[in-house]
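These notes are about the structure you will find just below.
No value in this document is a laboratory result; all are computed from the given coordinates. Predicted, not measured: the structure shown is a model, and the values here were computed from it. Every residue, glycine among them, receives a Cβ derived from its backbone with ideal geometry; neighbour counts consider all protein chains shown.
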Amino acid sequence: MKFNFKIQQYQTDAVDAVVRVFQGQGFHDKISYIRDRGKVKAEPYQMTLGMSDEELEVIDPLNDTGYKNEAVELSDEQLLHNIQALQSQNNIKLSASLVKDLGRCSLDIEMETGTGKTYVYIKTMFELNKKYGWSKFIVVVPSIAIREGVKKSFEITADHFMEHYGKKARFFIYNSSNLNQLDNFSSSSGINVMIINTQAFASSLKEDGKSKEARIIYSKRDEFGSRRPIDVIKANRPIIILDEPQKMGGDVTQKALKNFNPLFSLNYSATHAKQHNLIYVLDALDAFNKRLVKKIEVKGFEVKNFRGTDSYLYLEQIILSSKKPPMAKIELEIGYNKSINRETRILGVGDDLYFVSQEMEQYKGYTISEIDPLRGTVTFTNGEVIKAGDVVGDVSEKDMRRIQIRETILSHFEKEEKLFHMGIKCLSLFFIDEVAKYRQYDENGDEVLGEYGVMFEQEYLAILNEYITMFDSPYQKYLKSTCSDVSRVHKGYFSIDKKTGRSVDSKANKEGFDEKDVSAYDLILKNKERLLSFDEPTRFIFSHSALREGWDNPNVFQICTLKHSDSNTAKRQEVGRGLRLCVNQDGNRMDVQSCGDSVHEINTLTVVASESYKTFAEALHEINEYLAKKIAGDGEGATALFEVTVVGADTKETAKTLAKSIVCSNLTKTAIAGHDANWGRILCAMGYSGAQFDPEQVDLFFESCAGKLQIIANGTATDYSEEKATEILSQEKVTAIADLKAGDAEATAWGCDLTHGYIDINADYRS
């Protein structure tokens, strides 16, 4: 598989924002200087990373010509002016001053996880080179995992950028044992990139450090022509790019970065901890609304206890059939002569759990009286009600983990067949807190499955047997061949101990992860294309928390967290591993351009987690909604937040289209500003939206803290009170509710009123 990359406007905008900061800078190509080539004459060295055979450049060590970035010619005042112009255009709060933490300026680019920030800053390098001639860059990352991911991005985008710019970037990972790379970095006149992780800063870039690596970079080395490597780097005046800078705020790291003598710095993150000069924002809400990331659904589990019983029950799902009434798939305890087992049964109305369980006392009175597929509930004759996803009784953590694993596999299979026919491979990711729970070693040193590994194989085989049929469709052939060997469909990716060769927990320190992490991620970091192929049987991945950052795969559709996590940041990072839009077997991204309005029907990420995780997801939604309202209500000259809710639509898309059309109508916005219940303007906005609906079925209401009033019934005005309508519309938040009475779909949009203040502000904007 070869990934195909598209030119996307939001990414182009992020690149242009950086380029425009330096508007007025002249083009200076191949700015040369006399390079310190040292005292020792070495053999000619070939730089091969990122280059095809025909593009190899042989560096002559006897040539003392080096190439550096030209200085920024603009004054601080000019730079700040350009930054503020960008901020005004992008609705970003204006910077009061120029931030110069690293070089002439420090710029922030905020991009939500999964929107391709690595692609953006690589493209930014090419544009800065094309526009101004700058060619020397250093990419700094917080972990080895991210470092390897960045290197992979340079590899897979090489042909794409060659097509658009006619050149390739030469890149390498800094290694203190291979200093010849620095000579090539200095001597080559093309785009050159050094990639380094902060683990290297902690050990090798601490100026007064005692490590071997520290002594190497800050001291004159005989094997390096009696030169200090840091001086060779500094001479190039590199542009510093920080990937996830919130992880690199330590004093050691910041001091080391300044030692690089940077021209300026670019900071790329979804969550900036320290603010510099912000020039571009693509937040979580924007990313979702523009359908640039997957839609998230959370499958949580609520543990409850019924009155007067300690019975164990788990309602897995409601089964619907055109030939039978609804049935309930329930896991319960079955009493046998020598044991009590938990088993799954398909049950219907009238089934008595007391008899199903072999007359276990705790199930007396639990006869199914109703199965409601719409609400997803089962009601018993004793009045107890259980919802799909509810777990009842004495439930241990082990029970919950098994249920999570089962639900993840079920969700995987539910999506997989549909995706298979679209040429999309489905992957699922499990986060665990201890390697031993997935993989252990016996007394002979052989690998054996841990607790979670055993659970997975048991549950997988049970579900696989349910999905395999006598039919010989392409998907059935895939299941029976590639996916039938349970030992091959799941793998764990962990750090490897070099002495024992065994998987170990990734040990995080303040600056990053242990060097031994590198060998652990070969398949998922270096062979991403193979992992996405139907020929590769791996579909389920178990990973330690080291992968919270540094790896994401576009075809992860399920994320299961088999670990305790109270950190909202950690949860967001975990979810972020699956936010990218998926790709098919041809390497094409399944985005709006490829899928149209069905992009979120295809791209849905299911998070299988505990109740706390579900609570977090709900809280995150509330925060996003709160911020959306604040942004909408903060319009220039606005006096009221205007909320429009469309209910009873036939489709979600219809509801969204109508709500947006109403809230964006200038005539409607001015009516709200004038506290005028002009319902004709609302119907008019609905009419020209392009959405299909029956205007003679529409009910319309106005609502605020002053009350609720129906204005239209079945497309005709009611005998409402104009005085009451004015009172309702005079509040700081006003809601219009349109009921189409055509279905169950609904949507809400937020905006503001349109006042004279808007005209005054914008008429005098430059005065």
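The table that follows gives values for the structure above.
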| read-out | value |
| --- | --- |
| Ascending count of other beta-carbon atoms within 10 Å, so fewest first, for Trp679, Trp134 | Trp679, Trp134 |
| Distance in nm between pseudo-label sites at Ser598 and Lys304 (7 Å out along the Cβ direction from Cα) | 3.7 nm |
| For the range 634-763, size of Cβ-based charge dipole, Lys and Arg +1, Asp and Glu -1, in debye | 220 debye |
| Cut-off 10 Å between beta-carbons: net charge of the residues surrounding Phe27, Lys and Arg +1, Asp and Glu -1 | 0 |
| Gain in span if fully extended, Tyr626 to Thr651, counting 0.36 nm per residue against the direct Cα distance | 6.5 nm |
| Label-point separation in nm, Gln697 to Tyr33, each point 7 Å along Cα→Cβ | 7.2 nm |
| Options Gly383, Gln362, Pro373, ranked by Cα towards positive dipole end of the range 306-392, top entry (Cβ charges) | Pro373 |
| Order by protection proxy (mean Cβ within 10 Å, highest first), peptides 585-596, 734-745, 17-28 | 734-745, 17-28, 585-596 |
| His81 versus His272: modelled label distance in nm, points set 7 Å from Cα along the beta carbon direction | 2.3 nm |
| Pairs beyond 22 Å (Cα-Cα), from Lys247/Lys630; Lys151/Lys247; Lys220/Lys255; Lys2/Lys117; Lys364/Lys398 | Lys247/Lys630; Lys364/Lys398 |
| Those aspartates and glutamates that a straight Cα-Cα span of less than 18 Å connects to Lys304, excepting residues fewer than 8 apart in one chain | Glu316, Glu331, Glu333, Glu384, Asp390, Asp394, Glu397, Asp399, Glu611 |
| Sites Leu374 and Lys131, calculated FRET efficiency, Cβ-Cβ separation with R0 51 Å, nearest 0.05 | 0.30 |
| Filter on Lys152/Lys477; Lys528/Lys563; Lys93/Lys274; Lys30/Lys168 - keep pairs with C-alpha separation over 21 Å | Lys152/Lys477; Lys528/Lys563 |
| Linear extension gain, Ile463 paired with Thr482, 0.36 nm per residue minus alpha-carbon span | 5.3 nm |
| Electrostatic dipole magnitude of the range 306-392 [Cβ: Lys, Arg +1; Asp, Glu -1; Cα centre; debye, to 20] | 240 debye |
| Residue order, fewest to most surrounding Cβ atoms within 10 angstrom, among Ile759, Ile319 | Ile759, Ile319 |
| Gain upon complete extension [Cys664, Asp13; 0.36 nm per residue less C-alpha separation] | 232.0 nm |
| Order of Met194, Met111 under a 10 Å beta carbon neighbour criterion, fewest first | Met194, Met111 |
| Asn337/Lys398 FRET efficiency (R0 22 Å; Cβ-Cβ; nearest 0.05) | 0.35 |
